[in-house]
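The values are calculated or read from the model by the stated rules, or taken from the named source; none is laboratory data. Owing to the predicted nature of the structure, the values given are computational and were not obtained by experimental measurement. Methodologically, a virtual Cβ is constructed for each residue, glycine included, from the backbone with ideal geometry; neighbour enumeration extends over all protein chains shown. The area values use the complete protein model at the heavy-atom level, side chains included, leaving out ligands, DNA and RNA. Shrake-Rupley method; radii C 1.70, N 1.55, O 1.52, S 1.80 Å.
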Amino acid sequence: ETGVTQTPRHLVMGMTNKKSLKCEQHLGHNAMYWYKQSAKKPLELMFVYNFKEQTENNSVPSRFSPECPNSSHLFLHLHTLQPEDSALYLCASSQAGSSGNTIYFGEGSWLTVV
Amino acid sequence: GESVGLHLPTLSVQEGDNSIINCAYSNSASDYFIWYKQESGKGPQFIIDIRSNMDKRQGQRVTVLLNKTVKHLSLQIAATQPGDSAVYFCAENLGNQGGKLIFGQGTELSVKP
């Protein structure tokens, strides 16, 4: 149990579907992140939210739409994805502020786009 | 560009031996470093961290060494066990960018019984 819960753990969707990934953190943190992990590539930061406000969008295509209704919840809305978007999507949280705050990850959502 | 990288993509060790996983970083402004372990089908799990004002930190069976002169980070695992088999990532925290982590590619550790 990492304190960061992601659902669903596995998702298969067609290129015309709309789906959402959900993340909830129980650590009292105020920063949340979405990372993408593809095979044989480093983790790629997608979005950062601090105190519910988006502070970073790392040139992510608009077919990925994040939503952060409060400091404990984070969503990633998916629509018209491409097969190359198939990957493990990791949510993480930390205590925002100065550097040196460890980021804690959830178990990830495995996404397959067919 | 700025990056964190690993010297070896795979490492195979005998059970009971010590393991050393290396990492190079290029940003001298980084002030905090973390090692993560990722087992198959799971998310990265925090192992140990070290701040730039230290050169060594020890945990339970793990030690992280930081050499700022050559921008090198290593993770030492003592008495490696089969449960240590995983991919290990180092990450650097760019202190001037609000705590954003940059990850290396990862080293896959395989422990032979």
Asked for the total accessible area buried by B and A (1.4 Å probe, Å², nearest 100), one would answer 1600
Using θ = phi - 60° and the Karplus relation 6.51 cos²θ - 1.76 cosθ + 1.60, list the HN-Hα couplings for the stretch A:88-96 in order, rounded to whole Hz, with x at every Gly or Pro.
9, 9, 10, 9, 8, 9, 7, 8, 5
Ignoring ligands, DNA and RNA, what percent of the accessible area of the stretch A:7-46 is carbon or sulfur (1.4 Å)?
53
Just the accessible area for B:Thr10, please: 1.4 Å probe, Å², rounded to the nearest 10?
90
Within the set of other residues whose C-beta is less than 10 Å from the C-beta of A:His73, count the net charge using Lys and Arg as +1 and Asp and Glu as -1.
0
Among B:Ala91, B:Ala78, B:Ala24, determine the one that fluctuates most according to a GNM of chain B built with springs between C-alpha atoms less than 10 Å apart.
B:Ala78
Please list, in order along the stretch B:106-113, the HN-Hα scalar couplings obtained from phi with the Karplus expression 6.51 cos²θ - 1.76 cosθ + 1.60 (θ = phi - 60°), rounded to whole Hz, x for Gly and Pro.
x, 10, 8, 9, 10, 9, 8, x
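Summing Lys, Arg as +1 and Asp, Glu as -1, what charge do residues with Cβ under 15 Å from the Cβ of A:Leu21 carry, A:Leu21 excluded?
Charge balance in the 15 Å sphere: +2.
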Built amide H within the under 5 Å cut-off of A:Glu56, gap 5+
A:Val48
Name every cysteine in the protein assembly as shown that ends up alone, with no second cysteine's Cβ under 4.7 Å, or say none.
A:Cys68
Using the Karplus equation 6.51 cos²θ - 1.76 cosθ + 1.60 (θ = phi - 60°), what ³J(HN,Hα) coupling, rounded to whole Hz, does each residue of the stretch B:36-49 give in order, writing x for Gly and Pro?
10, 10, 10, 7, 4, x, 10, x, x, 10, 4, 10, 7, 10
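With N set to the residue count of the stretch A:1-86, report its C-alpha Rg divided by 2.2 N^0.38 Å to two decimal places.
Normalised Cα radius of gyration, the stretch A:1-86: 1.08.
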Assuming R0 = 22 Å, can you tell me the calculated FRET efficiency for the pair B:Lys42 and B:Val70, based on Cβ-Cβ distance, to the nearest 0.05?
0.10
Residues with beta-carbon under 14 Å from that of B:Leu11, excluding B:Leu11: net charge, scoring Lys, Arg +1 and Asp, Glu -1?
-2
Rg over Rh [alpha-carbon atoms, Kirkwood Rh] for the protein assembly as shown:
0.97
Just going by the charge dipole of chain B, with Lys and Arg at +1 and Asp and Glu at -1 on Cβ, which of B:Ser85, B:Gln45, B:Pro113 is farthest out on the positive end?
B:Gln45
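Nearest 20 debye, what's the magnitude of the dipole of the stretch A:25-80 about its Cα centre given +1 on Lys and Arg Cβ and -1 on Asp and Glu Cβ? Mind showing how you got there, number by number?
Working: 5 positive and 4 negative charges, 51 e Å.
Roughly 240 debye for the stretch A:25-80.
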Can you list the lysines whose alpha carbon is less than 30 Å from that of A:Lys18, not counting same-chain residues fewer than 8 positions off?
A:Lys36, A:Lys40, A:Lys41, A:Lys52, B:Lys42, B:Lys100
Report the far tail of the P(r) of chain B, meaning the percent of Cα-Cα pairs longer than 17 Å.
50
Taking 7 Å along the Cα-to-C-beta vector as the label spot, tell me the B:Ile20-A:Glu84 distance in nanometres, rounded to one decimal.
4.0
Put +1 on the Cβ of every Lys and Arg and -1 on every Asp and Glu Cβ in chain A; which of A:Leu90, A:His10, A:Leu45 then has its Cα farthest towards the positive end of the dipole?
A:His10
